[in-house]
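The values are calculated or read from the model by the stated rules, or taken from the named source; none is laboratory data. Quantities reported herein were computed from a predicted structural model and do not represent experimental measurements. For neighbour counting, all protein chains shown are included, and Cβ atoms are generated from backbone atoms with ideal geometry for every residue, glycine included.
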Amino acid sequence: VAPPPSKRARKSHALDQDITGIRAILPDEFDEDIALIKAHSCQLETKQQLQAVIQELSQKLPHFQHLKRVWDRSFAFSEHVLRALCHGVRVVDVPERMPRLRVQYEKTIQHWPCKFHPNHYSESLRNGTNFSAGQRIFHKRMAQLLVRLSRDVNAGASESASPHEHCGMVLVDFVARSQEGGATKTDLPFTEDSEAEETTLRGIPKAYYDYLRKDDEYKDLTFGAEKSRERADNLAKFGPYLCTGYDVYLLQEPCLMCSMALVHSRAKRVFFLRNSENGALVSRFQLHSVRELNHHYEVFQFTTSEGEDLTNMIQQQRQRIESAVTEMIDDMDKTHLRKMQNEMHLCAAKCCQDGTSSVDSVQRCVDRCSTPMTRAQNYVQHELGEFQGRLQRCVMQCNDDVKVKMPPNPNEDQIAKYTDQFERCAIQCVDKHVGLIPGMMKTMKAVLSKGPESIPQSEIWLFIPIIVQIPNSPMVEQQKKRLENAISDMIEDMYRTHLRRMQSTMHRCAARCCDDERGTLESVQNCIEKCAGPLMDAQDYLQHELGQFQNRLQNCVRDCNSDARSQMPSNPTDRDMSRSQHLFENCTGSCVDRHINLIPGLLKSIKQTLDRDGSNVARRAQQMNRCASKSGQEVNGALMASLGE
């Protein structure tokens with residue numbers, strides 16, 4: 001819309017927040033993830049076959065030139081090519097298109113080797129290092145100027161006006177008028193600055209011109225339409241031609257019509273601040289990424305959150321590292337860890353098949369089966385920790401170097417300069433450490449191939465029954481021992497009749513998960529978690545019931561403590577203290593006796609529940625346990641405090 005004359009300034013609003021960053025709006029082909037498609041793969045018998053096969057594949061499949069080798073049965077290959085391909089065929093995942101960024105290349109080569117041509121400018125667009133410190137300052141000043149103009153020199157709007165008067169259309173027309181053209185003749189005063197020979201405040205509304213000439217903050221900015229020049233001779237430059245080479249700054253993302261007008265006008269770059277509901281550059285569409293157009297401009301959006309630009313850079317580099325490490329772990333899992341995991345589960349399943357062994361002996365057997373896998377996992381975790389530490393030290397060194405160079409009270413230009421230096425240094429750290437990953441993976445594979453015997457063993461999970469906490473005394477210790485024995489016997493019974501069978505089933509199921517060579521690390525772990533679900537639910541249910549048993553016993557002991565304290569005089573003698581202690585011990589013994597007698601019924605109830613519908617009941621019990629955890633902790637804390645007194 002065309003702006004009317006200047007008005008009184010409005011109150012500040014959301015646009016008053018600082019412009020802190022600039023991010024490139026890149027086409028979808030620069031997305032980090034590249035889609036995978038299915039392809040047939042095989043191994044040639046001799047290298048002499050390679051040239052003929054590749055030559056024919058390139059002719060029949062021109063859209064897959066980014067892949068090193070590809071085959072599809074829907075194409076009629078010659079007989080000698082088919083003979084080379086007809087054995088050892090398997091289905092593999094290959095990238096659908098050529099990677100445009102290094103982070104894409106690092107991910108795609110994990111699936112299939114492909115071609116990659118580094119483009120430093122594209123990389124800089126993605127990580128935000130394409131502008132120098134001085135350029136960033138200029139672009140941000142222009143964005144701040146957009147906000148000031150919208151606030152101090154108000155724009156008008158009308159739903160009945162022609163869409164040809166959208167901001168982008170008016171802007172293009174102003175440029176055309178500066179070149180002795182233009183389609184519309186509005187009543188808005190229009191200024192042709194004749195004071196300067198070069199580009200300076202030409203082709204803009206008079207209201208904006210007067211505002212900028214009076215504002216000391218923006219007086220030094222030189223921008224606007226390029227002055228028209230006539231041809232002097234065959235070698236002299238003449239023009240300009242529409243918006244060729246122009247940077248366009250907009251407060252709001254343009255609609256499709258305005259975006260297309262900027263394409264026809266041959267704009268070089270478009271900067272905008274706010275998203276639009278009908279925007280055609282990022283919100284609804286990406287016009288600048290349409291290949292069929294005969295002109296393309298770059299698109300950038302200003303960011304307004306404090307530190308967002310630096311945060312985006314850090315987030316991008318973190319994603320690069322996480323992606324590279326995840327792919328390395330997935331490769332390690334497929335080549336070494338998954339086989340060890342399969343052997344561990346098969347070994348553990350055999351341990352659980354011994355129906356005569358106790359819980360402790362079976363658990364020790366399972367522990368021995370888990371030792372190689374646990375040591376291997378700990379080794380990999382240790383190496384990853386060392387890798388992370390080195391990367392963090394590198395980034396911290398970048399930060400320290402910048403802090404040393406920065407003056408005590410830096411101005412805006414200096415802050416932008418040193419922020420840019422830090423970003424570049426941090427990106428170099430990430431590049432360096434991503435490059436170290438292949439060598440680190442090779443070393444770890446070599447170590448694991450020799451066996452994990454030299455890697456320290458860590459502790460593994462053990463099932464520990466809940467034991468009620470009661471005050472220490474000879475009688476109390478005796479009651480505590482009785483309770484421990486009774487609960488241990490109950491758990492032993494439960495393990496032999498139910499948990500051991502479920503544990504064996506879980507390990508056999510997990511071993512089958514590890515047999516899937518095509519599965520990813522995540523899919524295999526999800527499969528193992530599903531196998532472990534019934535056993536974990538049963539253990540959660542048993543833990544919940546033991547927790548309820550513990551709470552009832554503690555409530556009984558708390559009542560004993562309250563009764564003993566209530567019968568004690570205000571100034572008790574030693575005899576009074578001894579008598580109260582005797583009453584408390586007798587009462588506590590009765591509590592333990594009564595609850596030990598409840599254990600057979602509790603055991604029977606748990607078995608019946610697991611036999612009937614253990615999984616669903618376990619989930620309900622787990623929910624009940626979570627809901628009651630807070631209040632239970634408060635009661636237990638009060639109980640232990642009272643017993644301590």
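Of the residues making up the stretch 256-291, those that are part of a loop (DSSP other than H, G, I, E, B), closer than 24 Å to GLN144 by Cβ and over 28 Å from the mean Cα position of the chain (by Cα) are ALA267, LYS268.
In this structure, does VAL282 turn out to be of a type in the set (A, V, I, L, M, F, W, C), surrounded by fewer than 21 Cβ atoms within 10 Å (Cβ to Cβ), at pLDDT below 90 and in the same structural domain as MET169 (by TED's automatic domain parsing)? Spelling it out, VAL282 is indeed of a type in the set (A, V, I, L, M, F, W, C), surrounded by fewer than 21 Cβ atoms within 10 Å (Cβ to Cβ), at pLDDT below 90 and in the same structural domain as MET169 (by TED's automatic domain parsing). Just one of (1) surrounded by 16 or more Cβ atoms within 10 Å (Cβ to Cβ); (2) closer than 30 Å to HIS111 by Cβ fails for ASP537. It is (2).
Filter the stretch 22-48 for residues that are assigned to a helix (DSSP H, G or I) and modelled with pLDDT of 70 or more and give the result. I'd like the intermediate steps shown before the answer.
The first filter runs over the stretch 22-48 and keeps only residues assigned to a helix (DSSP H, G or I), leaving 28-30, 48.
Those that are assigned to a helix (DSSP H, G or I) and modelled with pLDDT of 70 or more: ASP28, GLU29, PHE30.
The requirement of being more than 24 Å from THR520 (Cβ to Cβ), at pLDDT below 85 and either not aromatic (Phe, Trp, Tyr) or not assigned by TED's automatic domain parsing to the domain that holds MET444 (or both) is fulfilled nowhere in the stretch 331-351; no residue meets it.
Do we find that ARG136 is in a loop (DSSP other than H, G, I, E, B) and modelled with pLDDT of 80 or more in this structure? No, not satisfied.
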